[in-house]
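Only one structure is covered here, and it is reproduced in the block below.
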Amino acid sequence: MERKELLKQINSIFIDTLDNEDVVIEEETMANDVEEWDSLTHIQLVVAIEKHFKIRFTSKEIQSWGNVGEMLNCIQEKGI
Amino acid sequence: MIFNIGESFEESFIVSEEIYNGFIQIFKDTNPLHTNENFAIDKGFKGKVMHGNILNGFLSYFIGECLPTKNLIIHSQEIQYKNAVYLNDILLFKAEIIGVYESVKAVEFKFDFKNKFSKTVAKGKIQIGLFI
């Protein structure tokens with residue numbers, strides 16, 4: 001999947017999970033940049049992403065993400 | 001992970017007088033649908049309709065007491081009410097694991113409550129997190 005399309009789909013997942021139509025995420029976006037992105041929401045985001053792309057992460061992978069771009073890298077490494 | 005996809009659980013619950021009265025006493029929801037027999041019958045029901053959120057109490061019991069670990073917390077739950085529940089109804093509760101997310105130590109169940117006529121009175125999903 002093209003990186004731009006992947007980011008678009010991830011953005012939709014963020015909008016649904018955070019229940020905020022105004023959320024716009026970029027490659028550089030970090031949890032601290034989005035008010036609703038707390039530890040519980042992070043779990044919901046990961047679950048929603050795993051469901052959407054039918055992939056599974058490891059806890060080590062999740063802990064390595066510093067921003068959305070690194071999350072996208074991890075998704076693409078799984079063949080998406 | 002101690003949970004596996006497809007694993008299922010069953011419990012039965014009675015919507016007893018004690019639970020019904022306790023719910024009203026604690027939460028003060030005395031809407032006539034729940035407390036006035038004639039009002040409820042006039043609206044097409046067989047009698048006083050039990051509060052839907054009583055079933056959430058049963059869900060709380062299931063998650064807190066019936067699973068093989070106490071190291072858990074409810075992340076989210078959704079419930080749809082399909083048919084009325086009446087006083088002293090016996091409900092058969094079934095839950096099945098439909099998602100295990102090792103990365104974030106989360107487990108998702110689908111569940112339903114059926115009455116003695118095998119009619120689904122409520123169904124939904126619930127996600128828990130594990131403290132491990």
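The values are calculated or read from the model by the stated rules, or taken from the named source; none is laboratory data. As the structure is a computational prediction, the values presented were derived from the model and not from experiment. Neighbour counts run over all protein chains shown; Cβ positions are idealised from the backbone, glycine included. Note: areas computed on protein heavy atoms with side chains; ligands, DNA, RNA excluded. Shrake-Rupley method; radii C 1.70, N 1.55, O 1.52, S 1.80 Å.
Other residues within the sphere of radius under 10 Å centred on the Cβ of B:Tyr101, judged by their own Cβ, net out at 0 (K and R +1, D and E -1).
Every helix of 4 or more DSSP H residues in chain B counts as -39500 (n - 2.57), and over all residues that averages to -6000 deg cm²/dmol at 222 nm. Taking A:Lys60, B:Lys119 and ordering them by how much accessible surface each has at a 1.4 Å probe, largest first, produces A:Lys60, B:Lys119. Across segment B:1-71, C-alpha contacts under 8 Å between residues 6 or more apart give a mean separation that, scaled by the residue count, equals a relative contact order of 24 percent.
Normalising the average separation of contacting C-alpha pairs (under 8 angstrom, six or more residues apart) by the number of residues puts the relative contact order of chain B at 30 percent. What the Cβ-Cβ distance of B:Ile14 and A:Asp22 gives, at R0 = 45 Å and to the nearest 0.05, is a FRET efficiency of 0.45. Here is the interface size for A with B: some 900 Å² of accessible area buried, both sides summed, with a 1.4 Å probe. Diffusion coefficient (Stokes-Einstein, Kirkwood radius over C-alpha pairs, 20 °C, 1.002 mPa s) for segment B:72-132: 170 µm²/s, rounded to a whole number.
Quick one: Cα convex hull volume of segment A:21-65, Å³ per residue?
Enclosed volume per residue, from the Cα hull, is 96 Å³.
Accessible surface area normalised per residue over chain A is 59 Å², counting heavy atoms of protein chains with a 1.4 Å rolling probe. Counted residue by residue at 0.36 nm each, then reduced by the alpha carbon distance between them, the extension gain from B:Asp29 to B:Lys110 reaches 26.4 nm. If you wrap the tightest convex hull around every Cα atom of chain B and split its volume per residue, you get 104 Å³.
With N as its number of residues, the protein assembly as shown has a Cα radius of gyration that, divided by 2.2 N^0.38 Å, comes to 1.25.
Can you tell me the relative contact order of chain A? Whole percent, Cα pairs under 8 Å, sequence separation 6 or more. Mind dumping the intermediate values first?
Details: 57 pairs, mean separation 28.7, N = 80.
Answer for chain A is 36 percent.
Taking the square roots of 5 times each eigenvalue of the Cα gyration tensor of chain A, largest first, gives ellipsoid semi-axes of 17, 14, 12 Å.
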